[in-house]
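A short worksheet on the structure shown next.
The values are calculated or read from the model by the stated rules, or taken from the named source; none is laboratory data. The model shown is predicted, which means the values in this text are computed figures rather than measured ones. Every residue, glycine as well, gets a Cβ built from its backbone with ideal geometry; the counts of neighbours run over all protein chains shown. These area figures cover heavy atoms from the full protein model, side chains too; ligands, DNA and RNA do not enter into them. Shrake-Rupley method; radii C 1.70, N 1.55, O 1.52, S 1.80 Å.
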Amino acid sequence: MARFRADEADNYGGSGGAGYFSLKNDKDVARVRFMYDTIDDVVGYAVHQVEVDGKKRYVNCLREYNEPISKCPFCEAKMYQTAKMFIPLYNVDEDKMQVWERGKKFFAKISSLCARYASKDSLVSHVFEIERNGKKGDTSTTYEIYEVDRDNTTLDDLGEVQDPIGTVILDKTAEDMSAYLETGQFPPTDGEDMPVRRRSSRADEDEVPFKEDRGARRTPTRRDRF
C-alpha cells in the first residue's frame, strides 16, 4: 500500500464521506484549517487512474517505490502511476470537512507552513485563507495561503479525518486489478453480477498503450507495452 511522507515524495511518479474542496474562479478565497498537527501527519498516495462506470477513479498502487513492479498488476501492465495528496481540510466558511486534491509538489508548501506555524503548536490551531490566482481552466493556476487567525482548536474538536483509502481512493487487491485488466471491470461486490470477459480482437493489439494524457483514455489490456 503506497503511502509516502514528505521526504519520500520524489520516489513516486507524476506531479499534480468528505466533499472536495475547490476554488473555481480567479481570486476566489476560503478560510480553512489544515487537519494536521505536524509535518509527520502529512502523507501522499501513489495511485493509478482508471475508468469505472464511466467515471475516472483513483486506485491505490500496491507497491512501494523500491519494490518490484510485479507486486502491482497495474504497474506491471505499465499503467501510469501518479503521486497525489488528499489534504483533509476543515472549511471554516462552510463549517464542514473537505478534501483538497493536490499534486506531490504541494508537499513543499505544506512543509513550509508546518515549519513556520507548527513548530510550537498544532497546525490545525491556525486558520488560513487560500486564494486562487488563475482563471477557470488555467493550468498555470497557483494558490496563495495566508494565516489569518490562531486559537486553541485541536483535531479532536473538529471530528474524525476520513482515510482516503477506501473512499476517495479505491482499495483493490492484486486479484481485483488482474480481473480489471482482463475484463475492464473490477470484480463485483456482494449482490452484483460478474463482469463479462471482453473478447480478444485485432483492435486490442493495434491500440496505443494506456498512459497519462489530456485526451480520452481506453481500458488497458495485458497486451499493452511501451
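The condition (being modelled with pLDDT under 90, among the aromatic types (F, W, Y) and over 21 Å from the mean Cα position of the chain (by Cα)) is satisfied by just one residue among F128, F226, F210: F226.
If I filter region 39-55 for residues that are touching an Asp or Glu at 6+ places or on another chain (Cβ under 7 Å), small (G, A, S) and at pLDDT 95 or above, do I get at least one hit? Scanning region 39-55, I find no residue that is touching an Asp or Glu at 6+ places or on another chain (Cβ under 7 Å), small (G, A, S) and at pLDDT 95 or above, so the answer is no. In summary, D26 fulfils each of the numbered conditions (1) surrounded by 14 or more Cβ atoms within 10 Å (Cβ to Cβ); (2) farther than 27 Å from L158 by Cα with the single exception of condition (1).
Elements of the type helices (runs of 4 or more DSSP H) sitting completely within region 77-185 and holding at least 1 residues that are open to solvent by 40 Å² or more (accessible area, probe 1.4 Å), under 23 Å from R63 (Cβ atoms) and not polar (S, T, N, Q): these cover 174-183.
Output the residue which, of all residues in region 72-123 that are polar (S, T, N, Q) and within 16 Å of Y45 (Cα to Cα), is nearest to the chain's Cα centre (by Cα).
The extreme case among them is T82.
So which residues in region 8-38 are of a type in the set (A, V, I, L, M) and modelled with pLDDT of 95 or more, if there are any at all?
L23, V29, A30, V32, M35
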